[in-house]
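Notes follow the structure.
The values are calculated or read from the model by the stated rules, or taken from the named source; none is laboratory data. A quick note: this is a predicted structure, and the numbers were derived from the prediction, not measured. Using ideal geometry, Cβ is built from the backbone for each residue, glycine included, and neighbour counts are taken over all protein chains shown.
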Amino acid sequence: MNSIIKEILEQIIQQMDRPLSFAAISGIIGGGLFMWNLSRFLSSLKTSWEVLTISAYYVCHAVVRSLQRLLWTYNGVADQLVMAEYGAVYDTCVHVQKIIHRGRFSIMNHPRPWDFVGVHEGFAHPQTLLNPSITLYCVTPTHAYFLQCPEDIDVHQSSISPFMYMAQYYHAEKIYSIPLGHFHRLADEVGDPRVPVIWITSTGRCGSTLVGQMLEKLPGTRCLSESDSLTNISLMQRASQLGPSELSKTIRSTVRMLCKEAPGVQRIVFKCRFNCVTELEPVMDHFPQFRHIYVYRNLGAVMKSYFKFLHRDTAMCLLEWLVNSRLISHAVPFVRNYLVHFIAGKESLEKVEPILPKVNFMGYVTAIICSCIVEFQNMTRKGIVVQTLHYDELMRNPVEVTSKLFQLLSLPQDYVHMSLAAMQHDTQHGTILSNIYYRNSSNARQMTGKDTKDINVVLQAMGLPDMKHEMSLPNSLME
């Protein structure tokens, strides 16, 4: 809106043959202020509408679920669900529901079953879940949830959405749930992936989506960019909702089901969110044949990028307000305590816990993101070797770096230049994560000195470079 006002004013001034009078200048300034205030009002109205509609959705979801429990108790569906959960039946253990409504408050939320309101359609055999149009969406401590999309929608393709979980959410028609025990049995029947798998881990906001889309250019390549069931598992691990044995088994079953056999797929690229670095070691144990790359960037660029897109998300802006308000933070300490549970590893938590009460929202965000970098560093100290790729190196020497990457991943060098075509496009087009699309728009607020200070305080406590210095990780691809 501000850019439009500026453009209109410039055109008016250019078309004037004589100096503007005081009245004209006052009118222009007054009109500009009016438009600016109108822009702020419309923005506030939009935010209020988002909060209202999503709140109404969650109320609707709760009401429907309560009524369903009563109805399913009456018609016997509840008995079938209980028998399936306790292992009494297998052939009809998959619950099928038709989706009638959907709602998510924040794009940052990991997928959850209550993203949808569904109505009972029937029960199915677990083999139904091997249908190519049915894909794993999320995992809970008790169930795994799959979504069915139209057959002409391939949720793996970046042309549909840069991120698989978004494509699934927007295009899903049915939701399938299966008890975790039966999920493991089905995964055992499916077995390990029968094609090569390339596993991309990263700091986030570092070009990992670009790397995935570059590899997707190769014929026969399927890219799973943020299939977020693994994100569910990493967060359940932090919350101690799964024991070590069940956690390991769930990771293995999840990867098997995500990499199930499909016509024409010759290789799979799996790019997970930054927090899934805690699942990297178990994945390497279960699937030693996978090839790995860790993508990262200087922390100043990483944190600035996170700041930009977080402040385009209504839920994150509301969360920031709750955290940064001293009155609310003291009255409702749950908000800050809730964020602490997203920090990975005891070591990082012990380092930052004393300073967390003094930092603002961006301090907490830094602790959550960078604790995952510390976890990766700890892995390398244990002798686990994963090649690392710095985003700036890729930007400086795209051909040389891509050629090295292909060599590491045993990919044909003939396709290097084909893969570079991905660099000509906005890899996150159509989402609030795209800093290219939002380049000329104003954020809810700009990064302040307090934000920068708190980010650096947390980085220092974790033993990481501050926002002005470069970060270098061992096992560089270019060494």
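Residue check: GLY345 meets all listed conditions (1) more than 21 Å from GLY463 (Cβ to Cβ); (2) in contact with a helix residue (DSSP H, G or I) (Cβ under 8 Å, 6 or more places away or on another chain); (3) surrounded by 15 or more Cβ atoms within 10 Å (Cβ to Cβ); (4) of a type outside the set (Ser, Thr, Tyr) but one, namely (1). Only residues that are buried (at least 17 other Cβ atoms within 10 Å of the Cβ) and more than 19 Å from the chain's Cα centre (by Cα) were counted in the range 305-321, giving 0. Among the residues of the range 442-474, those identified as assigned to a loop (DSSP other than H, G, I, E, B) and surrounded by 14 or more Cβ atoms within 10 Å (Cβ to Cβ) are ASN443, ALA444, MET447, MET462, LEU464, PRO465, ASP466, MET467, MET471, LEU473.
Regarding the range 293-304, can at least one residue be identified that is surrounded by fewer than 20 Cβ atoms within 10 Å (Cβ to Cβ), basic (Lys, Arg), touching a residue at least 60 places away in the same chain (Cβ under 8 Å) and part of a helix (DSSP H, G or I)? Checking the range 293-304: at least one residue is surrounded by fewer than 20 Cβ atoms within 10 Å (Cβ to Cβ), basic (Lys, Arg), touching a residue at least 60 places away in the same chain (Cβ under 8 Å) and part of a helix (DSSP H, G or I).
Apart from one condition, GLY243 fits all of (1) in contact (Cβ under 8 Å) with a residue 24 or more places away in the chain; (2) over 22 Å from ARG381 (Cβ atoms); the exception is (1). For the range 123-236, the strands (runs of 3 or more DSSP E) that sit wholly inside it and include 1 or more residues that are closer than 30 Å to ILE384 by Cα and touching a Pro at 6+ places or on another chain (Cβ under 6 Å) are 134-139. Within this structure, MET462 fails the test of being of a type in the set (A, V, I, L, M, F, W, C), modelled with pLDDT of 95 or more and within 27 Å of ARG396 (Cα to Cα).
What do you reckon, is LEU81 modelled with pLDDT of 75 or more, in contact with a strand residue (DSSP E or B) (Cβ under 7 Å, 6 or more places away or on another chain) and assigned to a helix (DSSP H, G or I)? Full working, then the answer.
Working: modelled with pLDDT of 75 or more: yes; in contact with a strand residue (DSSP E or B) (Cβ under 7 Å, 6 or more places away or on another chain): yes; assigned to a helix (DSSP H, G or I): yes.
It is true that LEU81 is modelled with pLDDT of 75 or more, in contact with a strand residue (DSSP E or B) (Cβ under 7 Å, 6 or more places away or on another chain) and assigned to a helix (DSSP H, G or I).
Just wondering, is there one or more residues in the range 239-249 that are touching a Phe, Trp or Tyr at 6+ places or on another chain (Cβ under 8 Å) and not acidic (Asp, Glu)? Break it down stepwise before answering.
First, pick out the residues of the range 239-249 that are touching a Phe, Trp or Tyr at 6+ places or on another chain (Cβ under 8 Å): none.
No, the range 239-249 has no match at all.
Yes/no per residue for (1) out of contact with any Leu (no Cβ under 8 Å at 6 or more places or on another chain); (2) over 17 Å from ARG273 (Cβ atoms); (3) at pLDDT 95 or above:
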{"residue": "SER208", "(1), (2), (3)": "yes, no, yes"}
{"residue": "LEU215", "(1), (2), (3)": "no, yes, yes"}
{"residue": "ARG222", "(1), (2), (3)": "yes, yes, yes"}
{"residue": "LEU242", "(1), (2), (3)": "yes, yes, no"}
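Any idea which of SER44, SER48, SER66 is in a helix (DSSP H, G or I), at pLDDT below 85 and either loosely packed, with under 11 Cβ neighbours inside 10 Å or touching a strand residue (DSSP E or B) at 6+ places or on another chain (Cβ under 9 Å) (or both)?
SER44
For first residues located in the range 114-135 and without any contact (Cβ under 8 Å) to a residue 24 or more places away in the chain and crowded, with 16+ Cβ neighbours inside 10 Å, partners that are assigned to a helix (DSSP H, G or I) and of a type outside the set (Ser, Thr, Tyr) and lie 6+ apart or on another chain with Cβ distances below 8 Å do not occur.
For the range 102-114, a tally of residues being out of contact with any strand residue (DSSP E or B) (no Cβ under 6 Å at 6 or more places or on another chain) and either outside any loop (DSSP other than H, G, I, E, B) or under 18 Å from PRO263 (Cβ atoms) (or both) returns 1.
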